[in-house]
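Worksheet: the structure to be examined is printed underneath.
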C-alpha cells in the first residue's frame, strides 16, 4: 500500500502520514556515461553543470569545486547525483528506518528555505491544476500557487518568486528555482513523471542526507560555495570617484562580492537603498546570476560613516526582521559587519553585546548564513596593547560568533603600523612581516592587555584585508608581489620574511580588498595577480 509522507521544512510543521516509521527510498535514473569523464581530485570544476562519473554514478556540479568527492557530497553539497551508469534503474535505501519519535515535533522556521522534501513511494499526486500560469516579473505572494512546465509550485520567497530573472527563478526550470519555490504536484492527469524523491533545487543524493535534513531547517542562503582560497571584494553602491559598475560586470576572479552598504533606518531597522543610477530589477537579476554561477553575494553594514542601532531587545528584533526582508528580496547569501568608530563599537557598548545576539537570530532563520567581519586592526590586534575604548573592542564579538563566522578579514590599512608579540617595534604597514604577523595572531592567538588570551580561529576563517591600490585608501597599500609572498608564507611556509607562522596553514582562506570598483578603475592591477596566486595554491 502506497504511503505519502510530506516532510515540510517551511515553518513549524512536520507532518507524517505513516503508521510507526518511515523508510526513505530514492529512484536513481539510468544514464549513458560513455561520454562523461571520470572525476579527478586534481581538476578544478569551475563551470556549473559539468558532469563527471565515479563509483558507477554520474554527478553534476552546482558551483566551483576542487577535490570534493562527489560520492561524499550530501544533499546540499556541491555535487548533485544525475544517475547510475550501469544502465539499470536501481533503488537505494537508507541503512535504517527513522522512527517517527526521533523526528523533532517542530523544525526551526526559515524565511528563505531551499525546498520542502516530498517523499512518495511510487507515484506523485496527479491531477489538473487550477492555479495560474507562471509569468516572470509578476508579483507573487508567499504561499501562492502557480503552474509551470507541467507541475504546480508554491511560492516561498515572494521577492525571488516575483523576479524578472526567469532563467534563475522560473519554477522547475530556472537554475535557482528551488530557492524561491516548492514543488507541490504534477498537473497531468496521471502519475507524475517526477522521481519518487523530489528535492526542489537539487537532485536527490544519499538517503542519509535527506534523513538528516529533517532535523534542521534548510536554506538556499549559504557559504558552502566558497572555494578553498577566496578573493573577496567590496562593490560600491555609490560613486566615490571610482565609478559605478553593474554586479553583472564584476570580473569572475572575485569569489565573494560584498555589497557596500546597508543604511541605518532607526530603532534597529536597516534598509538597503540602491543607488538611483542603478536599476533595482536588474540588480536583483545580477545578484541571482552571480549566485547561480557559484559566487557569494553579501550585504555589508557599516563603512566609514555607517551605523546600526542596537541598544536594546526591540532594536535587535527590528534589525533581524528588516535584514531578513532585505536578504529575501535581493537574494543575498549573508551579511558583512564593517562597523567602525561612527557606530560606537567600544568595550562595554551595547552594540558589542547585542550584535552577536542579532546575528545568532539570523543564523536561526538562515542556517547557512554567510558571515564576515572587516574591523580595522586597532579593534582586533590592538587588544594586544590595550583593552579599552576601541582597542580590541571587536574581540568579544568575534569570540561570541566564532562558530557562526565565515571569514574575518581585518582591515590592514588607514591605521598605521601593527604592534605584535613577535617584534619589539610596530611593523610597517604593507610589509610582508606586517601581513604575516597580523594573520599569525588571528590563527595562533595572542595575549591581551587585560591579562586574558585571544584564542585563535581556524585558518579557513581568516583572510588578509588590503587596499586594491593607491586610489582606494590613504595608507596601508602593499605591492601585489608582497601580498602573494605573505599568502604563500601563510599557506606554504615559502617566501616568508623574518616572521613565520608556527606551521603552514594550507586552508588559509585568502584575501579581501577595498574595492572591486577601484580595482576596475585601476585596470585590475590587484585582482589579476592576487587572484591568480590564490587559484594556484594547492
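Selection of the range 329-350 for residues being over 23 Å from residue 395 (Cβ atoms) and surrounded by fewer than 22 Cβ atoms within 10 Å (Cβ to Cβ) yields 329, 330. Each residue in the range 30-62 was checked for being at pLDDT below 85, part of a strand (DSSP E or B) and surrounded by fewer than 18 Cβ atoms within 10 Å (Cβ to Cβ), and 2 of them qualify.
Answer yes or no as to whether residue 396 is under 17 Å from residue 512 (Cβ atoms), over 16 Å from the mean Cα position of the chain (by Cα) and without any contact (Cβ under 8 Å) to a residue 60 or more places away in the chain. Answer is no for this residue. Would you say residue 511 is touching a helix residue (DSSP H, G or I) at 6+ places or on another chain (Cβ under 9 Å) and surrounded by fewer than 15 Cβ atoms within 10 Å (Cβ to Cβ)? For residue 511, the condition - touching a helix residue (DSSP H, G or I) at 6+ places or on another chain (Cβ under 9 Å) and surrounded by fewer than 15 Cβ atoms within 10 Å (Cβ to Cβ) - is not met. Give the number of residues within the range 236-255 that are touching a helix residue (DSSP H, G or I) at 6+ places or on another chain (Cβ under 8 Å), buried (at least 21 other Cβ atoms within 10 Å of the Cβ) and farther than 21 Å from residue 460 by Cα. Selection size over the range 236-255: 3. Only one of the listed residues (270, 320, 316, 258) is modelled with pLDDT of 95 or more, closer than 27 Å to residue 49 by Cβ and touching a helix residue (DSSP H, G or I) at 6+ places or on another chain (Cβ under 9 Å). That residue is 258.
Filtered by the rule that a residue be surrounded by fewer than 23 Cβ atoms within 10 Å (Cβ to Cβ) and either in contact with a strand residue (DSSP E or B) (Cβ under 6 Å, 6 or more places away or on another chain) or not in a loop (DSSP other than H, G, I, E, B) (or both), the range 156-169 gives 158, 159, 166, 167. In this structure, does residue 224 turn out to be surrounded by fewer than 20 Cβ atoms within 10 Å (Cβ to Cβ), more than 16 Å from residue 523 (Cα to Cα), within 14 Å of the chain's Cα centre (by Cα) and modelled with pLDDT of 50 or more? So residue 224 passes the test. Does residue 507 fit the bill of being outside any loop (DSSP other than H, G, I, E, B) and either touching a residue at least 12 places away in the same chain (Cβ under 8 Å) or over 28 Å from residue 370 (Cα atoms) (or both)? It is false that residue 507 is outside any loop (DSSP other than H, G, I, E, B) and either touching a residue at least 12 places away in the same chain (Cβ under 8 Å) or over 28 Å from residue 370 (Cα atoms) (or both).
Filtered by the rule that a residue be under 14 Å from residue 429 (Cβ atoms) and outside any helix (DSSP H, G or I), the range 473-496 gives 473, 474, 475, 476, 477, 478, 479. Put simply, of 532, 517 the only residue that is in contact with a strand residue (DSSP E or B) (Cβ under 9 Å, 6 or more places away or on another chain) and part of a helix (DSSP H, G or I) is 517.
Residues that are in a loop (DSSP other than H, G, I, E, B) and in contact with a helix residue (DSSP H, G or I) (Cβ under 6 Å, 6 or more places away or on another chain) were ranked within the range 129-155; the one that is nearest to residue 172 (Cα to Cα) is 136. I need the full set of residues from the range 276-293 which are out of contact with any strand residue (DSSP E or B) (no Cβ under 7 Å at 6 or more places or on another chain), assigned to a helix (DSSP H, G or I) and surrounded by 15 or more Cβ atoms within 10 Å (Cβ to Cβ), in order please. Residues satisfying the conditions are 282, 283, 284, 285, 286, 288, 289, 292. Among the residues of the range 457-472, the ones that are part of a loop (DSSP other than H, G, I, E, B) and within 21 Å of residue 370 (Cβ to Cβ) come to 2 in all. Annotation for the range 253-262: no member residue is closer than 30 Å to residue 507 by Cβ, without any contact (Cβ under 8 Å) to a residue 60 or more places away in the chain and either touching a strand residue (DSSP E or B) at 6+ places or on another chain (Cβ under 8 Å) or not in a strand (DSSP E or B) (or both).
Matching residues to (1) over 29 Å from residue 348 (Cβ atoms); (2) surrounded by fewer than 19 Cβ atoms within 10 Å (Cβ to Cβ); (3) in contact with a strand residue (DSSP E or B) (Cβ under 6 Å, 6 or more places away or on another chain):
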| position | (1), (2), (3) |
| --- | --- |
| 446 | no, no, yes |
| 450 | no, yes, no |
| 455 | no, yes, no |
| 468 | yes, no, yes |
| 506 | yes, yes, no |
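Residue pairs whose Cβ atoms lie under 8 Å apart, sitting 6 or more positions apart in sequence or on different chains, and linking a residue in the range 435-464 that is on the phi > 0 side of the Ramachandran plot to a partner that is surrounded by fewer than 16 Cβ atoms within 10 Å (Cβ to Cβ), are 445/453; 445/455.
The numbered conditions (1) farther than 24 Å from residue 470 by Cβ; (2) touching a residue at least 40 places away in the same chain (Cβ under 8 Å); (3) in contact with a helix residue (DSSP H, G or I) (Cβ under 8 Å, 6 or more places away or on another chain); (4) surrounded by fewer than 20 Cβ atoms within 10 Å (Cβ to Cβ) are all true for residue 421 except (2). If you go through the range 482-489 one residue at a time, do you hit one that is at pLDDT 95 or above and on the phi > 0 side of the Ramachandran plot? No: zero hits.
Determine whether residue 412 is under 19 Å from the mean Cα position of the chain (by Cα) and crowded, with 17+ Cβ neighbours inside 10 Å. Answer is no for this residue. Close Cβ contacts (under 6 Å, 6 or more residues apart or on different chains) running from residues in the range 297-323 that are touching a residue at least 24 places away in the same chain (Cβ under 8 Å) to residues that are surrounded by fewer than 18 Cβ atoms within 10 Å (Cβ to Cβ) and in a loop (DSSP other than H, G, I, E, B) comprise 318/267.
The values are calculated or read from the model by the stated rules, or taken from the named source; none is laboratory data. All of these numbers come straight from a predicted model, not from anything done at the bench. Because the Cβ atoms are built from the backbone with ideal geometry, glycine has one as well, and the counts that use them run over all protein chains shown.
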